[in-house]
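As structure tokens, the structure follows; a few thoughts come after it.
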Amino acid sequence: MSVSFVRREMIAPQPAPSNNTGPIAWARRSLFATPGDALLSVLAIILLIWAIPPIYNFVMPTFFGGHAVAPGGTVEDCRALGAGACWAYISARMSFFIYGFYPPAEYWRPNLVFLFGALLIAPLLIPRAPFKRINAILFFVAYPVVCFFLLNGGVFGMRAVPTEQWGGLLVTLVISMVGIICSIPLGILLALGRQSKLPIIKTLCVMFIELWRAVPLITVLFMASIMLPLFMPQGTSVDKLLRALVGVTLFSSAYLAEVVRGGLQALPRGQYEAASSLGLSYWKSMGLIILPQAIKHVIPGIVNSFIALFKDTSLVSIVGIFDLLNTVQAASSDIDWSSPTQAITGYLFAGIVFWIFCFAMSRYSIFMERRLDTGHKR
Amino acid sequence: MSDMTSGAAARAINTANMTVSQTDVAIDVIGMHKWYGDFHVLRDIDLRVMRGERIVIAGPSGSGKSTLIRCINRLEEHQQGRIIVNGTELTADLKRIDEVRREVGMVFQHFNLFPHLTILQNLTLAPIWVRGIPKAEAETTAMHYLERVKIPEQANKFPGQLSGGQQQRVAIARSLCMQPKIMLFDEPTSALDPEMVKEVLEVMINLAEDGMTMLCVTHEMGFARQVANRVIFMDQGQIIEQNDPDAFFSNPEHERTKLFLSQILH
Amino acid sequence: MAVQDNLAGPPRTAFYNDPVIRGILYQVLVGAAVVAFFTWIILNTAANLAAQNKSTGFDFLFQTSGFGISFSLIPFDRSSYYWEAFLVGLLNTLLVAAIGIVFASMLGFAIGVARLSSNWLIARFATVYIEIIRNVPLLLQLFFWYFAVLKAMPAVRESFELPLGIFVNQRGIVVPRPMPDAEITWVVVAAAVALVGAIALVRWATSIRARTGHYPQGVAIGSRIAGLVVTFVLGYLAFTLLGSVIPALGNVPYLPLLGGLGLAGLSLTAYGFYGRAFIGFAIAWAVVRFLLGGMFGSLPELLIVAISLALALVYGWTMLSVERRPTAGDNKFPLALPLLIIVAVPALVYWATDASLAFEIPLLERFNFRGGMQLVPEMVALVIGLTIYTAAFIAENVRSGIQAVSKGQTEAAASLGLREGDRLRLVVIPQAMRVIIPPLTSQYLNLTKNSSLGAAIGYPELVNVFMGTTLNQTGKAIEVIAITMAVYLTLSLSTSAFMNWYNARVALVER
């Protein structure tokens, strides 16, 4: 039999049949594919219809048709029957949530700190931005020093503001920034130590890392706030905020060390061999060849541990530091604004602030992950 | 013959052979279309495969050749036309899909062996759980096929311990253990190092000599010349040219076929 | 000179360039620095303690504590010792961790699977849940549950009443207290035996099935019978529920009984799927109607009945139209039999021994509830918070574990003719679990460590009772902190020992 066949005219692409595209086909495929799916979808839709209007009414101010009290409203509005979230309370106490007990006349100082931070971080995070090295040095070295003198004062005629008066979002950011900046070098050293062939150094690093990773942060903070004063020579007083900073830094450097170690282990052996075959010393081959690659690989992991660190800063409220969560908690017993929704509005506000920071960081980590992935394929 | 122009024409080729009894037909694809969303991947495919026939499908990447054979055991769904395998028409009915899959073996480009099971367990899994064959019997069959693909000594190793060529031979043996009536090959040698291609092709040639119905997507033109009854060339989701291997290689008619062959044969 | 050196052997390196000597030098330096640092700390601490006139040592553990603990699994009062306080704290930590782990695993697996669901809405729900919960500090969530939700509940007098005699108020949740009599022990034993027996039966039947190609005759027949019983029970339930939706049906005598028998009979014929669709329809109708009634109480009754009927009809119709259950004969996995054993054996023992399990329903008196069991709000908030928070992380682990099994694996299994259930059981789940279990264990450990945040809302767990109250009262900072950290260190090291063992056991063999 002859099987010969040659196509003379190509078939042009045709539109998909209507039962394959369009919203109805989509709904059938992704909502009602099986009886179980159909039932789940219907229950989910019922749940949405049930839950969304009350949530909308609670969160949205009257201007948008909800029942919440917009900023500028009075406490009487918030106390009214059926009133939603009391945003007026948040806006009235906003400066407390941001600066804590920082003297209002000196707000420009934390504001400058915020501004410098934003100006330095933004180009650091954008992979294409130039001057990375200078930028990094400015951020990791110069910025903390400038911030300390700006916030603490006592120099250049600035009024001294003791750390007891720092609070709110300011303290949350200070703790997480210091934690991040100090734990990076410490974490890298620990990771290198753990990979080291020298037994004593290796053991010390393993013990350090495993100890901090084993215990909850809250016990570390308790320890820092109770034991640090005991460890110091008699008569030295350690600032309360500093104690928390030490605790947070030690804790997060242990986690960071494990992330960096992951990057070191993921590097092919050839890189190590190539580095030593070039005749570079240990520190040169680590600093010039191994670490830059390893750290680049684990940027998503590092960002993820910063998210954890940022969330964990809220624990300092347990040792009596007025971070964002603690200011919100403290303000919730403010009689002037007492209303049925006072506490929940405060938590909602704090939750939204934390969420914005963490979500942004997690998106950034995903962005970097994709970027690194494609970088490999090329 | 060759001035036919459309799918209807191709259908005419097939219906011309209608005298053969239906039981001799292994696969019948009639006017089949497939879309990925709005993208028309397979356009009016007509293909009848008789029992014992060995067909090689060639074509540039993205031409839809893999999608076509994946439709035949319903790893992909088609939207228009009919696919009848071993007399069973493929529809949304899971029972029929399982029925077809039991009789159709498939070999993948990336082997897809189960890494958590030994080679022997890989081979006996389906006979035991699909066919209900007693374990001892399934193992005997498995060892028989392992011998056929010349690696009985690897039976108790894990897939990760084998070379790519060995893994692909295990994958073929795994399909054979279900004693399928049809074997589909989806670029079985594309992921292999050059020195391993031969050992896999040898197994496939052996299989062809035993009269297995085979549908192979491959770029191994030597294999096509040696064992195929028919070579099909696909591009842009349609069958462009089809002929017996001698005619196909010596006298390609369509411009695209010529271009493709000149690229692939240098 | 140089020539001579070369002849004598390789050129000698300066001792400070020899890598071995250099390594030793580094280590000695670091070691000395660490020792010096610790000596300095210890000397300082000793001086500080001496200045404060404090002694050291663990004898304080055997002093009476003099404080009370609001929630304790073992007897504890003011005259108890500090070591008992430690034990109470430890037990409370472990209790919350255990409950949290069970709930978080269930929720986390459900959400992880939902995240990959082909159902767009369900997948979206799971994503939103994970993205919200992961990105908000746990402590804030605990505050929310404790202060904004549980503490905002009405006073005791105005307690919310939930079905089944559960009451919610400011002081927590009051649930009926089970009042088992002595015979109940036998029922519990029977339940345990039935569970073990059912699992053993399944494993045995499966191994026989693998070896011979058939499930054992007895199991196959037993499973058929069990299937009939299950159909009868479901049918009974369906008609009972139908009776609750349509009052007229509710009045027909013996309707559930007859209906159940009818459906069981129908399931023996080729038209069994009509019966299944009917059961699905009836149960769906009653459930949706109940849900709608609870959620939109303000809508007219008739409308709710009509909407739920429409939805249930659609559901029943899809069940009918899909008709996708392959009849697998004796190769079908005998699921009904073990299920029946697990339910029926304890029930029979319950009936035979004349055991009784009464529940003491809490009763609201003038100022408080009499009877019932009080769950303290601190614990409820902590369990809710830990469960919801950890579930988000577990869900991500589950998702990535399932995604780690390549699509090719499922396709290969499908192309061999394995049915969906077998594909999951034999190919996907064994591979996914290898990926899921290690991070899952560390999530369990995290949950245990995070339970220390209970201290912030006043739940008497280890950190609260020991590092808080005990430390404050005794002032034994070093000892108390050392003990507490040792506890967590032990938990953590044993977890990582387990993980190493597990990883070594399941590691895929590679070349």
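The values are calculated or read from the model by the stated rules, or taken from the named source; none is laboratory data. The structure presented is a predicted model; accordingly, all values stated were derived computationally and were not measured. Cβ atoms come from the backbone with ideal geometry, glycine included; neighbour counts cover every protein chain shown. Side chains included, ligands, DNA and RNA excluded: accessible areas come from the protein's heavy atoms. Shrake-Rupley method; radii C 1.70, N 1.55, O 1.52, S 1.80 Å.
Just checking, does the range C:56-69 include any residue being within 14 Å of chain A (Cβ to nearest Cβ) and either touching a Lys or Arg at 6+ places or on another chain (Cβ under 8 Å) or in a loop (DSSP other than H, G, I, E, B) (or both)?
Scanning the range C:56-69 turns up at least one residue that is within 14 Å of chain A (Cβ to nearest Cβ) and either touching a Lys or Arg at 6+ places or on another chain (Cβ under 8 Å) or in a loop (DSSP other than H, G, I, E, B) (or both).
If we scan the range A:164-181, do we find a residue that is closer than 30 Å to A:GLN265 by Cβ, open to solvent by 30 Å² or more (accessible area, probe 1.4 Å) and in a helix (DSSP H, G or I)?
Yes, the conditions are met somewhere in the range A:164-181.
Conditions tested, residue by residue: (1) open to solvent by less than 30 Å² (accessible area, probe 1.4 Å); (2) more than 9 Å from chain C (Cβ to nearest Cβ).
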position: B:TYR36; (1), (2): no, yes
position: B:GLY59; (1), (2): yes, yes
position: B:ILE72; (1), (2): yes, yes
position: B:LYS95; (1), (2): no, no
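Pick from the range C:53-94 the residues that are modelled with pLDDT under 85 and among the acidic types (Asp, Glu): which of them is farthest from C:LEU375 (Cα to Cα)?
Going through the qualifying residues, I end up with C:ASP59.
Check the range A:49-66 and report whether any residue there is in a loop (DSSP other than H, G, I, E, B), in contact with a helix residue (DSSP H, G or I) (Cβ under 6 Å, 6 or more places away or on another chain) and more than 14 Å from chain B (Cβ to nearest Cβ).
First, the residues of the range A:49-66 that are in a loop (DSSP other than H, G, I, E, B): A:60, A:65-66.
Imposing the further condition that a residue be in contact with a helix residue (DSSP H, G or I) (Cβ under 6 Å, 6 or more places away or on another chain) reduces the set to A:66.
Now drop any that are not more than 14 Å from chain B (Cβ to nearest Cβ), which leaves A:66.
Yes, the range A:49-66 contains a residue that is in a loop (DSSP other than H, G, I, E, B), in contact with a helix residue (DSSP H, G or I) (Cβ under 6 Å, 6 or more places away or on another chain) and more than 14 Å from chain B (Cβ to nearest Cβ).
Out of all the residues in the range A:58-71, which are open to solvent by less than 70 Å² (accessible area, probe 1.4 Å) and either modelled with pLDDT under 80 or not aliphatic (A, V, I, L, M) (or both)? Let's see the steps before the verdict.
Narrowing the range A:58-71 to residues open to solvent by less than 70 Å² (accessible area, probe 1.4 Å): A:58-61, A:65-66, A:68-70.
Hits for the range A:58-71 are A:PHE58, A:PRO61, A:GLY65, A:GLY66.
Within the range C:418-431, can one find any residue that is aliphatic (A, V, I, L, M) and touching a residue at least 60 places away in the same chain (Cβ under 8 Å)? Walk me through it before giving the result.
Restricting attention to the range C:418-431, the residues satisfying the condition of being aliphatic (A, V, I, L, M) are C:418, C:424, C:426-429.
So of that shortlist, the ones also touching a residue at least 60 places away in the same chain (Cβ under 8 Å) come out as none.
No, because not a single residue in the range C:418-431 is aliphatic (A, V, I, L, M) and touching a residue at least 60 places away in the same chain (Cβ under 8 Å).
What about A:VAL238, is it assigned to a loop (DSSP other than H, G, I, E, B), open to solvent by less than 40 Å² (accessible area, probe 1.4 Å) and either within 14 Å of chain C (Cβ to nearest Cβ) or closer than 20 Å to A:ALA191 by Cβ (or both)?
Values: assigned to a loop (DSSP other than H, G, I, E, B): yes; open to solvent by less than 40 Å² (accessible area, probe 1.4 Å): yes; either within 14 Å of chain C (Cβ to nearest Cβ) or closer than 20 Å to A:ALA191 by Cβ (or both): yes.
So A:VAL238 passes the test.
Please work out if B:ASN122 is in contact with a helix residue (DSSP H, G or I) (Cβ under 8 Å, 6 or more places away or on another chain), over 27 Å from B:ASN86 (Cβ atoms) and within 11 Å of another protein chain (Cβ to nearest Cβ). Working first, answer last.
On the way: in contact with a helix residue (DSSP H, G or I) (Cβ under 8 Å, 6 or more places away or on another chain): yes; over 27 Å from B:ASN86 (Cβ atoms): no; within 11 Å of another protein chain (Cβ to nearest Cβ): yes.
It is false that B:ASN122 is in contact with a helix residue (DSSP H, G or I) (Cβ under 8 Å, 6 or more places away or on another chain), over 27 Å from B:ASN86 (Cβ atoms) and within 11 Å of another protein chain (Cβ to nearest Cβ).
Yes or no, residue by residue, for (1) touching a residue at least 12 places away in the same chain (Cβ under 8 Å); (2) surrounded by 21 or more Cβ atoms within 10 Å (Cβ to Cβ); (3) not small (Gly, Ala, Ser):
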{"residue": "B:LEU42", "(1), (2), (3)": "yes, yes, yes"}
{"residue": "B:ILE45", "(1), (2), (3)": "yes, yes, yes"}
{"residue": "B:GLN80", "(1), (2), (3)": "yes, no, yes"}
{"residue": "B:VAL85", "(1), (2), (3)": "yes, yes, yes"}
{"residue": "B:GLU89", "(1), (2), (3)": "no, no, yes"}
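Please specify each residue of the range B:210-256 satisfying the condition of being among the charged types (D, E, K, R) and assigned to a strand (DSSP E or B). Give the derivation first.
Residues of the range B:210-256 among the charged types (D, E, K, R): B:210, B:220, B:225, B:230, B:235, B:241, B:244, B:246, B:253, B:255-256.
Scanning the range B:210-256 gives B:ARG230, B:ASP235, B:GLU241.
State the number of residues belonging to the range B:243-266 that are facing chain A (nearest Cβ under 9 Å) and in contact (Cβ under 8 Å) with a residue 40 or more places away in the chain.
Residues in the range B:243-266 being facing chain A (nearest Cβ under 9 Å) and in contact (Cβ under 8 Å) with a residue 40 or more places away in the chain: 1 in total.
For the range C:416-433, state whether one or more residues are closer than 30 Å to C:LEU375 by Cα, at the interface with another protein chain (Cβ under 7 Å from one of its Cβ atoms) and surrounded by 16 or more Cβ atoms within 10 Å (Cβ to Cβ).
Of the range C:416-433, the ones closer than 30 Å to C:LEU375 by Cα are none.
No; the residues of the range C:416-433 include none that is closer than 30 Å to C:LEU375 by Cα, at the interface with another protein chain (Cβ under 7 Å from one of its Cβ atoms) and surrounded by 16 or more Cβ atoms within 10 Å (Cβ to Cβ).
Any residue that is facing chain C (nearest Cβ under 7 Å), touching a helix residue (DSSP H, G or I) at 6+ places or on another chain (Cβ under 7 Å) and not hydroxyl-bearing (Ser, Thr, Tyr) - is there at least one of those in the range B:135-149? If you could, list the steps in order and put the result at the bottom.
Let us first name the residues in the range B:135-149 that are facing chain C (nearest Cβ under 7 Å), namely B:135.
With touching a helix residue (DSSP H, G or I) at 6+ places or on another chain (Cβ under 7 Å) added as a condition, the list becomes B:135.
Filter once more, so that each one left must be not hydroxyl-bearing (Ser, Thr, Tyr): B:135.
Taking every residue of the range B:135-149 in turn, at least one turns out to be facing chain C (nearest Cβ under 7 Å), touching a helix residue (DSSP H, G or I) at 6+ places or on another chain (Cβ under 7 Å) and not hydroxyl-bearing (Ser, Thr, Tyr).
Just for the range C:277-297: of the residues that are without any contact (Cβ under 8 Å) to a residue 12 or more places away in the chain and more than 10 Å from every other protein chain (Cβ to nearest Cβ), which one is farthest from C:GLY259 (Cα to Cα)?
Here the answer is C:GLY297.
Specify the residue that is nearest to the other protein chains (Cβ to nearest Cβ); the eligible residues are those in the range A:310-321 that are surrounded by fewer than 24 Cβ atoms within 10 Å (Cβ to Cβ) and of a type in the set (A, V, I, L, M, F, W, C).
By that ranking, first place goes to A:ILE318.
Show me the helices (runs of 4 or more DSSP H) found entirely inside the range A:263-378 where at least 1 residues are among the aliphatic types (A, V, I, L, M). Step through it out loud before you land on a result.
Working: elements: A:269-277, A:282-285, A:291-297, A:299-312, A:324-331, A:342-377.
Here the list reads A:269-277, A:291-297, A:299-312, A:324-331, A:342-377.
Here are the criteria: (1) open to solvent by less than 80 Å² (accessible area, probe 1.4 Å); (2) part of a loop (DSSP other than H, G, I, E, B); (3) basic (Lys, Arg). Tell me which single one A:ARG8 does not satisfy.
(1)
What residue, of A:PRO17, A:PRO13, is open to solvent by 40 Å² or more (accessible area, probe 1.4 Å) and within 14 Å of chain B (Cβ to nearest Cβ)? Step through it out loud before you land on a result.
Working: A:PRO17 fails: open to solvent by 40 Å² or more (accessible area, probe 1.4 Å).
When all the criteria are applied, what remains is A:PRO13.
Inspect the range A:20-31 for any residue being out of contact with any Pro (no Cβ under 6 Å at 6 or more places or on another chain), more than 10 Å from chain B (Cβ to nearest Cβ), among the hydrophobic types (A, V, I, L, M, F, W, C) and surrounded by 18 or more Cβ atoms within 10 Å (Cβ to Cβ) and give the result as yes or no.
The answer is yes, given that some residue of the range A:20-31 is out of contact with any Pro (no Cβ under 6 Å at 6 or more places or on another chain), more than 10 Å from chain B (Cβ to nearest Cβ), among the hydrophobic types (A, V, I, L, M, F, W, C) and surrounded by 18 or more Cβ atoms within 10 Å (Cβ to Cβ).
Does A:ILE226 fit the bill of being in a helix (DSSP H, G or I), at the interface with chain C (Cβ under 8 Å from one of its Cβ atoms), aliphatic (A, V, I, L, M) and open to solvent by 20 Å² or more (accessible area, probe 1.4 Å)? Outline the logic, then answer.
On the way: in a helix (DSSP H, G or I): yes; at the interface with chain C (Cβ under 8 Å from one of its Cβ atoms): yes; aliphatic (A, V, I, L, M): yes; open to solvent by 20 Å² or more (accessible area, probe 1.4 Å): yes.
In short, yes.
Going through the range C:457-511 one residue at a time, which ones are among the acidic types (Asp, Glu) and either outside any helix (DSSP H, G or I) or open to solvent by 50 Å² or more (accessible area, probe 1.4 Å) (or both)? Can you show your working first?
Residues of the range C:457-511 that are among the acidic types (Asp, Glu), as a first pass: C:461, C:479, C:510.
Correct list: C:GLU461, C:GLU510.
Scan the range C:123-140 residue by residue and report those that are in a helix (DSSP H, G or I), open to solvent by less than 40 Å² (accessible area, probe 1.4 Å) and at the interface with chain A (Cβ under 8 Å from one of its Cβ atoms).
The answer is C:GLU131, C:LEU138, C:LEU139, C:LEU140.
Report yes if some residue within the range A:209-226 is among the charged types (D, E, K, R) and either over 25 Å from A:SER281 (Cβ atoms) or under 18 Å from the mean Cα position of the chain (by Cα) (or both); otherwise report no. It would help to see each step written out before you state the result.
Step one: of the range A:209-226, the residues among the charged types (D, E, K, R) are A:210, A:213.
Of the ones still in play, those that are also either over 25 Å from A:SER281 (Cβ atoms) or under 18 Å from the mean Cα position of the chain (by Cα) (or both) are A:210, A:213.
Checked against the condition, which is being among the charged types (D, E, K, R) and either over 25 Å from A:SER281 (Cβ atoms) or under 18 Å from the mean Cα position of the chain (by Cα) (or both), the range A:209-226 yields at least one hit.
Give C:ALA486, C:ALA497, C:ALA477 a once-over and let me know the one that is modelled with pLDDT under 90, under 20 Å from A:ILE226 (Cα atoms) and within 14 Å of chain A (Cβ to nearest Cβ). Spell out how you get there, then give the answer.
Values: C:ALA486 fails: modelled with pLDDT under 90; C:ALA497 fails: under 20 Å from A:ILE226 (Cα atoms).
Going through C:ALA486, C:ALA497, C:ALA477 in turn, just one is modelled with pLDDT under 90, under 20 Å from A:ILE226 (Cα atoms) and within 14 Å of chain A (Cβ to nearest Cβ): C:ALA477.
Which is outside the structural domain of C:LEU375 (by TED's automatic domain parsing), hydroxyl-bearing (Ser, Thr, Tyr) and open to solvent by less than 80 Å² (accessible area, probe 1.4 Å), of C:SER65, C:SER70, C:SER105, C:SER117? Even if it seems obvious, please write down each step before you answer.
Working: C:SER70 fails: open to solvent by less than 80 Å² (accessible area, probe 1.4 Å); C:SER105 fails: outside the structural domain of C:LEU375 (by TED's automatic domain parsing); C:SER117 fails: outside the structural domain of C:LEU375 (by TED's automatic domain parsing).
Selected residue: C:SER65, the only one of C:SER65, C:SER70, C:SER105, C:SER117 that is outside the structural domain of C:LEU375 (by TED's automatic domain parsing), hydroxyl-bearing (Ser, Thr, Tyr) and open to solvent by less than 80 Å² (accessible area, probe 1.4 Å).
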